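Please read the structure below before turning to the comments.
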Amino acid sequence: MAPRILIADDEEGIRESLTLILENDYTLEYAVDGEATLAELSSGDYDVALVDVKMPRMDGLEVLKRFKAMNIDTPVLILTAYQSVELAKEAVSLGAKDYLPKPFERKQILDAVKSVLKSAV
C-alpha cells in the first residue's frame, strides 16, 4: 500500500502542484485550514504531513504545537513562502522534520518526503 500523505495548504495552486508531484507514488488527502489539518492528523493514519505555515483558523506552527501535545508521531514537513531562519528554527523546535520554502522544486519535495519516510522505518 502506498504511503499516505496529508497536504495542508489553503492555496489551491499549491495543493495542485503537490498533487502533480506526489500522486503517482503516494495516497494523498487534503486539508485547507489549520483546524481541518489537526482533525485529519488526529483521526487519520498518515505517513507524512506537508503543512503550510500561513493558513486560516490556525497557522501551521500552532498546528505543530497542538500536534506535539497530542503525542501524534506523524512526521511533518513545513511549507512556507516566508523564508526566515527564525521561522525554520521554531518549526524544527516544535517537531517539524524539515522546512521547505515556496516556491519549491519537484526534486526538493520528493527528496524531503523520501528522506522522512526512510528515517521513519
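Observations, loosely collected:
- Ser84 meets each of the listed conditions (1) of a type in the set (S, T, N, Q); (2) over 13 Å from Asp9 (Cβ atoms); (3) surrounded by 20 or more Cβ atoms within 10 Å (Cβ to Cβ) apart from (3).
- Residues satisfying the stated conditions in segment 27-81, i.e. assigned to a helix (DSSP H, G or I) and either of a type in the set (D, E, K, R) or surrounded by fewer than 17 Cβ atoms within 10 Å (Cβ to Cβ) (or both): Glu35, Ala39, Glu40, Ser42, Ser43, Glu62, Lys65, Arg66, Lys68, Ala69
- When we screen Asp98, Asp59 for residues that are under 14 Å from the mean Cα position of the chain (by Cα), among the charged types (D, E, K, R) and closer than 18 Å to Val32 by Cα, the only hit is Asp59.
- Residues of segment 1-27 that turn out to be closer than 16 Å to Ala96 by Cα and free of Cβ contacts under 8 Å to residues at least 40 places away in the same chain, as a count: 0
- Summed over segment 101-113, the residues that are charged (D, E, K, R), within 14 Å of Ser17 (Cβ to Cβ) and either assigned to a helix (DSSP H, G or I) or under 14 Å from the mean Cα position of the chain (by Cα) (or both) give a count of 3.
- Evaluation of Glu86 against (1) part of a helix (DSSP H, G or I); (2) among the acidic types (Asp, Glu); (3) within 14 Å of the chain's Cα centre (by Cα) (one fails), failing number: (3)
- Hey, Val116 part of a helix (DSSP H, G or I), within 20 Å of Arg4 (Cα to Cα) and in contact (Cβ under 8 Å) with a residue 40 or more places away in the chain or not: yes
- Some residue of segment 28-38 being in contact (Cβ under 8 Å) with a residue 40 or more places away in the chain, closer than 20 Å to Val113 by Cβ and out of contact with any Phe, Trp or Tyr (no Cβ under 8 Å at 6 or more places or on another chain): no
- Entry remark, segment 87-101: residues being buried (at least 20 other Cβ atoms within 10 Å of the Cβ) and of a type in the set (Ser, Thr, Tyr) number 1 in total.
- Positions within segment 2-44 being within 18 Å of Lys68 (Cα to Cα) and of a type in the set (Gly, Ala, Ser), in sequence order: Ala8, Gly34, Ala36, Ala39, Ser42, Ser43, Gly44
Every read-out reported here was derived from the displayed coordinates using simple, explicitly stated rules and does not represent laboratory data. Nothing here was measured: the structure is a model prediction, and the numbers come from that model. Every residue, glycine as well, gets a Cβ built from its backbone with ideal geometry; the counts of neighbours run over all protein chains shown.
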